[in-house]
Amino acid sequence: MSVKILMVCLGNICRSPLAEGILASKLPKDKFFVDSAGTGNWHVGKKPDERSIATARKNGLDISTQKAKHFTSKDFDTYDYIFVMDNSNYDDVTFLAKNEEQKSKVRLILDELFPGDNVDVPDPYYGLQNGFDMVYEMLDEATDLLAKKLIENHS
Ligand code: 4NP
């Protein structure tokens, strides 16, 4: 049985597809399954934003085959860990939790780097390419620590 991890943002086309691709590249595939979803449903079925695809490609990752999904309360049963990109995602996801156990699966991804500081991965959708590069750097640093912890906790 693999450990299942879900990355969540608003549209599931900018930040969480990058988070999925980056974390998956740091974990052994036989033990871990990484996926992503959005709290909004506007982009369901679409591939990631071209700027996220390009940012990943520059860093040696192909995220172009991902398809946007909508986060639902069933995801609490499927996934062991749910990492959200910002505080608004945190509120939207935890609102759907049925109990404390489900709620406790949800964490801000940047808590890995800045525990307890409630730092957001900024939404790059309406900005320029450098916003996507910044998102990549933040997620790369956070997932370095996260991957190490996950491997330690599940070996
Ligand atoms: P994401 O970025 O949450 O990082 O995927 C967004 C993508 C699309 C929209 C908002 C944020 N949108 O409003 O369509």
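Taking the criterion of being at pLDDT 95 or above, of a type in the set (A, V, I, L, M, F, W, C) and part of a helix (DSSP H, G or I), would at least one residue in the stretch 62-73 satisfy it?
The answer is no; no qualifying residue exists.
What's the number of the condition Val84 fails, among (1) among the hydrophobic types (A, V, I, L, M, F, W, C); (2) out of contact with any Leu (no Cβ under 8 Å at 6 or more places or on another chain); (3) surrounded by 12 or more Cβ atoms within 10 Å (Cβ to Cβ)?
(2)
Take the residues of the stretch 8-17 that are over 16 Å from Ala56 (Cα atoms) and within 8 Å of the chain's Cα centre (by Cα): which is farthest from the ligand (Cβ to nearest atom)?
The selected residue is Val8.
Which members of the stretch 20-50 meet the condition of being in contact (Cβ under 8 Å) with a residue 40 or more places away in the chain, over 16 Å from the mean Cα position of the chain (by Cα) and either within 10 Å of the ligand (Cβ to nearest atom) or part of a strand (DSSP E or B) (or both)?
The answer is none; no residue qualifies.
Give the residues of the stretch 127-141 that are over 13 Å from Ala24 (Cα atoms) and either in contact (Cβ under 8 Å) with a residue 24 or more places away in the chain or in contact with a strand residue (DSSP E or B) (Cβ under 7 Å, 6 or more places away or on another chain) (or both), sorted by residue number.
Result: Gln129, Phe132, Asp133, Val135, Tyr136, Met138, Glu141.
So, in the stretch 101-143, how many residues would count as being in contact with a Cys (Cβ under 9 Å, 6 or more places away or on another chain) and part of a loop (DSSP other than H, G, I, E, B)?
Result for the stretch 101-143: 4.
The values are calculated or read from the model by the stated rules, or taken from the named source; none is laboratory data. All values derive from a computational prediction rather than experimental measurement. Please note: Cβ atoms are built from the backbone with ideal geometry, for glycine as well, and neighbour counts cover all protein chains shown.
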